[in-house]
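Read through the structure below, which is laid out as structure tokens, and then see the notes.
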Amino acid sequence: MTDQLIPFTNMPIGPPAAAVPATLDRPVMFLHIPKTAGTSFIGTLRNVFGQDRLVRLVSIEESTPGEVGRLLSERPGGLACLAGHIPFHMIAPWQDRCAIFTVLRDPIARVMSLFRFIQQRPPAEQMRLGLNTGFAFNAFITSRHPELFGQINDGMTRMLCGDPHLSTPESSMFWDATPSPRAIAAALRTLEGIDFGIAEDMHNTMRTARAAWGIPYDLDIGRENVTNPTGAAPDIAHCLEIVARNPMDLVLYHRAAWLFATRCSGLETKLDAMAARSAIHAPALGQEVAIGSIPGLQGFHEVEPGGFAWLDSAQSARIHFDLAAPAARIRLRGHAIRHDYPVDEIVIEVNGTRIATRCARGENCWFTLETDAVALRHPVNMLCIRPPYFVSVRHDYPDSRDPRSLSISLANIAFLA
């Protein structure tokens, strides 16, 4: 989560509401290969399915397969997505019970992104990985730390091939960098049996996810954990070092890109014929629902410890919903970045039409916004929230490490008769 240095975490948000289910044939399992735009993709998953129904597996251990099985058994209907740096062999036993998805990236770009990412980490984290502060590329690329070695040397193939020896430092095969046609073929078989995207084509990656999960609206493409914001080209010598250590990933990526392009050629027809199945907020009239329990979001940051989610300045904030009523009023409860923020100028649109609102201010920057009654359509309506402007956190808090620009956050929403 982004460092939060704004003192809003202890504000009351009203009574909690039960999670609102979004129908899925089976939960999504996001196999997150490091440095493949996965952090941004998880942000999309969090918004789409509801933060309370997404579980991130942070620590990957021998017990992980059992933990996956436990979550699938104990949270039926309450679990929409699992995500983590999980090698395929650990989730293979549950393949029939999950909709597995992953994202691949050009091997040179991926390893260079990993290098820049670790350069930006705190010195203590660098030392944990056996690197000195200010380490050079050569120290990184030749690292024998298991956590780095497994990702620097054919990391995508290792995670997808299904062979536990290539993911286990205790195995001699883990340290053997000899290219294995068998491992590449096994990784390709994995890709043929699951849905996947390509980081260099996030537009079609998001369309692939929509088609796989039955989502009836466009998905935002986030940009979190960006390691090369200027787009500077990598050093040629560094590229050659990466190529030498990633022959399997280069072959895998080339073949995967061809398979992905083939699948994308039929996406338009599939999306046109698709019936919406998931990721739509379906509340009951009068039910106040906490923001973390709402599926169908786009354009929101992660829910803060205080129970509210800020609107993302880079994307318009939308909530996709279906309501068993011909019309309703909408009540939003949220928090503004400043005491004098003009919350009465917030624009609320439903299905593209602006709706008149009334605003009531509370203590400590809290406010309630309620709309006039609005006619609804089925099966999907889109609520859009447009704040008048965003404020840089660092402008008001110069010592903050929070790079965001913020305006308002939402804590809960209710649809009223």
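Every number here is computed from the coordinates shown, using simple stated rules; none is lab data. Note that the structure is predicted; figures quoted are calculated from it, not measured. For neighbour counting, all protein chains shown are included, and Cβ atoms are generated from backbone atoms with ideal geometry for every residue, glycine included.
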For the Cα atoms of the chain, what angle does the longest principal axis make with the long axis of helix 38-49, in degrees from 0 to 90, nearest 10?
-> 40 degrees
Radius 14 Å from Cβ of Val243, net charge of other residues (Lys, Arg +1; Asp, Glu -1) = -3
When ranked by the protection proxy of mean other Cβ atoms within 10 Å per residue, highest first, what sequence do the peptides 348-355, 45-52, 379-386 form?
-> 45-52, 379-386, 348-355
Run the quick spin-label model on Ala261 and Glu302: label points 7 Å from Cα toward the beta carbon, then report their separation in nm to one decimal.
-> 3.6 nm
Of [x] 22, 37, 22, 15, 3, 0; [y] 23, 61, 16, 0; [z] 25, 54, 21, 1, the label for P(r) over Cα pairs in 20 Å bins from 0, in percent derived from the coordinates | [z]
Value of relative contact order over the chain, rounded to a whole percent, pairs C-alpha under 8 Å and six or more apart = 20 percent
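Among bridges DSSP assigns within the chain, what percent are antiparallel (round to 5)?
The answer is about 70 percent antiparallel.
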Restricting things to alpha carbons, tell me how big the stretch 155-255 is in terms of Rg and Dmax, in Å.
-> 16.6, 47
Using only Cα atoms, locate the centre of the stretch 308-324 and the centre of the stretch 229-300, then give the distance between them in Å, rounded to an integer.
-> 20 Å
